[in-house]
Amino acid sequence: MNKNWKTFLLSQQAAVNDEANIAFADATNSGVKSIYPLTHLAILSVTGKDAAKLLQGQITCNVNDVNEEKSSLAAMCNPKGRVIATFLLVKSADTFLLILPLELLETVKKRLQMYVLRSDVKITDVSDELCLLGISDPEKPDHAFLTEIQKDMISVNFPGSTRRKLLIAKYDNAMHFWPEQVDSQGFRVGSSDGWSYLDIVSGIPWVTKATSEEFIPQMLNLDKLGGISFNKGCYTGQEIVARTHYLGKSKREMFLAECQTSALPEPNSSIVNRGNEEQEVAGKVLLAQLDQQGCKMLVILQIAEPVYDNLGLQDDTYAQLKLLPFNT
């Protein structure tokens with residue numbers, strides 16, 4: 001984390017639990033105008049005349065469709081079509097920015113670097129130069145991933161039942177923007193976990209180290225979120241992803257679920273179907289976050305079952321899952 005940004009957040013009464021988790025007392029997950037420090041996410045910059053070509057051969061979305069007015073979710077896969085990482089792809093002038101979980105930044109950077117060879121491409125961690133913020137308010141949402149390049153900030157609309165924007169700015173600009181929103185515009189401060197909660201209920205499938213290379217993109221609903229192009233040509237893992245699409249053979253899908261538990265389920269922990277005697281594993285937890293009502297989580301479930309009316313966490317005998325619609 002940028003030292004000046006950390007000092008600023010501490011001056012705003014933030015508690016820094018770790019470099020990726022900034023908390024504020026009395027922060028809420030939703031329902032009011034809020035501003036969030038997105039310190040759990042990082043930024044990779046990909047520049048050079050061959051940047052688009054490199055990315056086109058390695059990620060699931062069509063890079064040529066991304067411009068200064070439209071961003072896209074995407075994934076990087078291994079040769080078996082398993083997702084190494086998911087990210088938001090943003091373009092500003094001739095620079096591509098990959099917004100992704102901090103814990104996978106080095107993994108993705110090294111993976112992309114493998115394919116640079118003699119290409120004119122430079123891959124840089126710019127997380128210490130650019131700041132990520134989130135804002136939300138109860139107003140009607142705008143079109144998802146619509147992007148606006150402003151003088152001192154990039155704004156990307158995020159899915160949700162209310163208006164959400166991810167903002168990219170230099171740290172000096174962010175430190176001016178924050179108090180303007182809090183002191184003049186009536187925004188409440190929110191914790192990093194609060195934004196993660198909103199991502200979960202909106203169905204944003206962030207992959208972590210624990211779930212990296214576990215799922216193909218369709219299992220994460222990336223096709224429904226516009227994060228996969230099926231006519232862009234070859235990229236690493238494309239054969240498996242395309243075959244699954246055209247044969248309609250994805251056996252798992254992502255759902256939103258809630259349960260009553262005081263212990264946050266870990267990513268990749270097992271979900272069992274208690275509706276049969278064997279209590280077989282029916283799926284996995286992708287992400288989870290506690291809220292005032294219990295726990296919301298994104299889960300990857302087998303879709304062959306006609307009814308899931310008695311799902312539970314394998315590691316919590318008393319936790320029963322209820323499937324919910326996404327907040328979009």
message: Considering only residues that are surrounded by fewer than 23 Cβ atoms within 10 Å (Cβ to Cβ) and touching a Leu at 6+ places or on another chain (Cβ under 7 Å), which ones fall in segment 212-225?
response: Ser212
message: Among the residues in segment 76-93, are any under 17 Å from Thr39 (Cβ atoms) and under 19 Å from the mean Cα position of the chain (by Cα)?
response: yes
query: Has segment 208-223 got any residue that is basic (Lys, Arg), in contact (Cβ under 8 Å) with a residue 60 or more places away in the chain and assigned by TED's automatic domain parsing to the domain that holds Pro138?
result: yes
statement: Filtering segment 279-312 for residues that are over 23 Å from the mean Cα position of the chain (by Cα), part of a strand (DSSP E or B) and surrounded by 14 or more Cβ atoms within 10 Å (Cβ to Cβ) leaves a count of 3
message: Can you find a residue that is without any contact (Cβ under 8 Å) to a residue 60 or more places away in the chain and touching a helix residue (DSSP H, G or I) at 6+ places or on another chain (Cβ under 8 Å) anywhere in segment 153-162?
response: yes
query: Restricting attention to segment 99-113, does a residue exist that is buried (at least 20 other Cβ atoms within 10 Å of the Cβ), out of contact with any Cys (no Cβ under 8 Å at 6 or more places or on another chain) and of a type in the set (Lys, Arg)?
result: no
- prompt: Within segment 56-76, is there a residue that is in a helix (DSSP H, G or I), out of contact with any Pro (no Cβ under 6 Å at 6 or more places or on another chain), in contact (Cβ under 8 Å) with a residue 40 or more places away in the chain and under 30 Å from Glu139 (Cα atoms)?
  reply: yes
message: Quick check on this structure: which one of Glu139, Glu129 is more than 25 Å from Asp65 (Cβ to Cβ), in the same structural domain as Phe158 (by TED's automatic domain parsing) and modelled with pLDDT of 95 or more?
response: Glu129
- request: Report, by residue number, each residue of segment 249-278 that is in contact (Cβ under 8 Å) with a residue 12 or more places away in the chain, of a type in the set (S, T, N, Q) and either more than 18 Å from Ile200 (Cβ to Cβ) or surrounded by 15 or more Cβ atoms within 10 Å (Cβ to Cβ) (or both).
  value: Ser250, Thr261, Asn268, Ser269, Ser270, Asn273
message: Could you go through segment 313-323 and let me know if any residue there is touching a residue at least 24 places away in the same chain (Cβ under 8 Å), in a strand (DSSP E or B), under 21 Å from Phe215 (Cα atoms) and of a type in the set (S, T, N, Q).
response: no
message: When you scan segment 276-288, do you find a residue that is at negative phi, touching a helix residue (DSSP H, G or I) at 6+ places or on another chain (Cβ under 9 Å) and not small (Gly, Ala, Ser), even just one?
response: yes
- line: Across segment 144-203, the tally of residues that are at pLDDT 95 or above, surrounded by 16 or more Cβ atoms within 10 Å (Cβ to Cβ) and of a type in the set (D, E, K, R) stands at 3
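The values are calculated or read from the model by the stated rules, or taken from the named source; none is laboratory data. Given the structure is predicted, the values throughout are model-derived calculations rather than measurements. Here the Cβ is made from the backbone with ideal geometry for all residues, glycine too, and neighbour counts use every protein chain on show.
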